[in-house]
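Below is one structure, written out as structure tokens; comments come after it.
The values are calculated or read from the model by the stated rules, or taken from the named source; none is laboratory data. Since we're looking at a predicted model, the values are computed, not measured. Cβ atoms come from the backbone with ideal geometry, glycine included; neighbour counts cover every protein chain shown. Areas reflect the complete protein model, heavy atoms only, side chains present, ligands, DNA and RNA absent. Shrake-Rupley method; radii C 1.70, N 1.55, O 1.52, S 1.80 Å.
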Amino acid sequence: MGIFSKMQGDGYEQVIFCQDQTVGLSAIIVLHDTTLGPALGGVRMWPYNTEDEALHDVMGLARGMTYKNALAGLELGGAKAVIIGDAKCKSKELLKSFARFVDRLQGRYVTAVDVGINSDDIEVIREETKYVVGVREGTGNPSPLTAYGVYQGMLAGVEQVLGSTSLQGLRVAVQGMGHVAESLSELLVRDGAEVTVTDLDAEKLKLAKEKFNATIVEPDAIYSQPCDIFAPCALGGVINSTTVDLLRCKLVAGAANTQLAEKKYAEVLVKKGIVALPDYVINAGGAIAVALERCGTYCQEHAKQKVAGIYNTTNQILRQALEEKISPYLVADRMVETMIANKKAEKLPASF
Ligand code: NAD
């Protein structure tokens with residue numbers, strides 16, 4: 001499929017290819033939709049095998065940001081950027097070059113951290129552009145707030161799907177033990193849940209064993225773990241044709257963006273009796289925090305209160321999904337599409 005067909009399919013506004021041979025930069029910035037405001041979304045650095053893989057990833061992530069920011073009530077549009085390459089090899093000059101591309105968009109795109117980009121990198125990026133959030137004296141690392149939002153969404157899911165008022169005694173299979181998963185596991189274990197964990201990194205598994213008394217499994221074995229909740233907290237596309245039949249959980253609730261390889265898996269899960277909480281609803285904690293920073297109103301307590309609102313949003317979406325016997329993804333998608341259509345209608349000139 002050509003790039004314009006892909007863009008038209010899901011209503012993308014702009015795709016920008018950024019190239020700077022002097023520093024080895026190949027990056028893509030995708031602005032999905034700016035109807036609700038300037039587009040906010042992090043930058044990921046990842047060694048994609050092909051340019052198509054990178055483009056597919058960044059487009060899915062950018063679209064997810066539109067939905068995430070809208071449902072979090074942020075009056076922001078959605079975008080995302082990827083830098084193609086191994087994050088271990090990134091240089092300051094490469095980050096600065098990327099930042100200059102961001103700057104040229106004059107605030108239509110505001111960047112932030114994502115996988116492969118950390119708080120120190122954000123400090124380098126801000127040397128070249130003011131259109132960046134997650135700076136040291138602002139939110140810094142937003143992962144604990146993201147984890148808190150996932151936890152709030154999980155509580156709503158546990159109540160409505162499992163009929164339980166707490167996580168006590170529940171088994172959660174956590175895929176990935178990165179920044180968000182570590183904070184999330186703290187909350188889960190504190191509430192009496194048992195965690196089964198996988199990661200590609202042996203050090204992270206050691207930490208999970210020591211800190212959370214986690215049961216450790218091989219990466220491919222995480223899908224088939226008998227558990228109450230499967231929490232994808234690594235990369236996207238993990239619910240796909242290979243894994244969907246392996247799942248032995250009742251609820252899917254995790255931090256990873258774009259967990260469904262394709263939209264159709266939301267309804268496939270419904271047929272299997274599994275309720276998947278939309279990733280872009282429950283992992284909005286970090287976005288909420290950095291959006292407050294952008295408005296100059298960030299303080300941790302205020303951010304935490306706002307992130308706690310994810311519980312109510314999840315409840316509202318779940319109630320409707322269970323009533324209509326459709327996936328929570330479909331309900332959430334419809335809500336955002338209505339918000340965007342209403343805003344577009346408001347913006348039409350009076351002569352229309
Ligand atoms: P991270 O890079 O700190 O952690 C990801 C972990 O997943 C790493 O430990 C990595 O080794 C592991 N991993 C990668 N592939 C794996 C596989 N196939 N099997 C098992 N483990 C694997 O990232 P993070 O900041 O914790 O973010 C995790 C996810 O949540 C990402 O998808 C990110 O986009 C999403 N997310 C993060 C935030 C945030 O505030 N950090 C906000 C919203 C969404």
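Can you work out ³J(HN,Hα) from phi for every residue in the range 19-33, in order, using Karplus 6.51 cos²θ - 1.76 cosθ + 1.60 and θ = phi - 60°, giving whole Hz and x for Gly and Pro?
Once rounded to whole Hz, the list reads 9, 9, 4, 4, 10, x, 8, 10, 9, 10, 10, 10, 9, 7, 7.
Sorted from largest to smallest, which semi-axis lengths in Å does the alpha carbon gyration tensor of the chain give for its equivalent ellipsoid, taking the root of 5 times each eigenvalue? Walk me through the intermediate numbers first.
Values: eigenvalues 182, 117, 79 Å².
In descending order, the three semi-axes are 30, 24, 20 Å.
Relative to the present Cα-Cα distance, how much length would full extension add between Ile3 and Glu203 at 0.36 nm per residue of separation?
Contour length minus Cα-Cα distance gives 68.0 nm.
How many angstrom separate the Cα center of the range 163-205 from the Cα center of the range 214-274?
14
In percent, what relative contact order does the chain have, based on Cα pairs under 8 Å that are 6 or more apart in sequence?
Details: 720 pairs, mean separation 55.4, N = 352.
So the answer I get is 16 percent.
When ligands, DNA and RNA are left out and all protein chains stay put, how many square angstrom of accessible area per residue does the range 57-165 have with a 1.4 Å probe? Please report the intermediate quantities before stating the final value.
Values: 3890 Å² over 109 residues.
Accessible surface, normalised per residue, equals 36 Å².
First check a/c for the range 194-299, with a ≥ b ≥ c the square roots of the eigenvalues of its C-alpha gyration tensor; if it is under 1.5, answer rounded, and if not, answer prolate when a/b is larger than b/c or oblate otherwise. Each step should come with its number before you reach the end.
On the way: a/c = 2.21, a/b = 1.19, b/c = 1.86.
Oblate, because a/c is 1.5 or more while a/b does not exceed b/c.
Roughly how many nanometres apart are two label points built 7 Å out from the Cα toward the Cβ at Gln168 and Asn49?
4.7
Quick one: ranking His179, His302 by accessible area, 1.4 Å probe, largest first, what do you get? Don't skip to the end; give the middle numbers.
On the way: His179 135, His302 70 Å².
These residues rank, largest area first, as His179, His302.
For the range 313-341 and the range 1-42, write down the distance between their C-alpha centroids in whole Å.
One Cα centre to the other: 27 Å.
Mind listing the long-range amide H neighbours of Thr129? Cut-off is under 5 Å, sequence gap 5 or more, other chains count too, H placed in the peptide plane at 1.01 Å from N.
Long-range HN contacts for Thr129: none found.
Take the alpha-carbon positions of the range 259-352, form their convex hull, and give its projected area averaged over all directions (one quarter of the hull surface) in nm².
On the way: hull surface 33.9 nm².
One quarter of the hull surface, i.e. the mean projection, equals 8.5 nm².
Measure off, as a whole percent, the carbon and sulfur share of the 1.4 Å-probe accessible area of the chain, all protein chains present. Mind showing how you got there, number by number?
Values: 7880 of 15620 Å².
So the carbon and sulfur contribution to the accessible surface is 50 percent.
Per the helix-only calculation at 222 nm, which mean residue ellipticity applies to the chain, given -39500 (n - 2.57) for every DSSP H run of n ≥ 4 and division by its residues, nearest 500 deg cm²/dmol? Kindly include the intermediate steps, with their values, before the conclusion.
Working: 13 runs with 152 residues, N = 352.
After summing the helix terms and dividing by the residues of the chain, the value is -13500 deg cm²/dmol.
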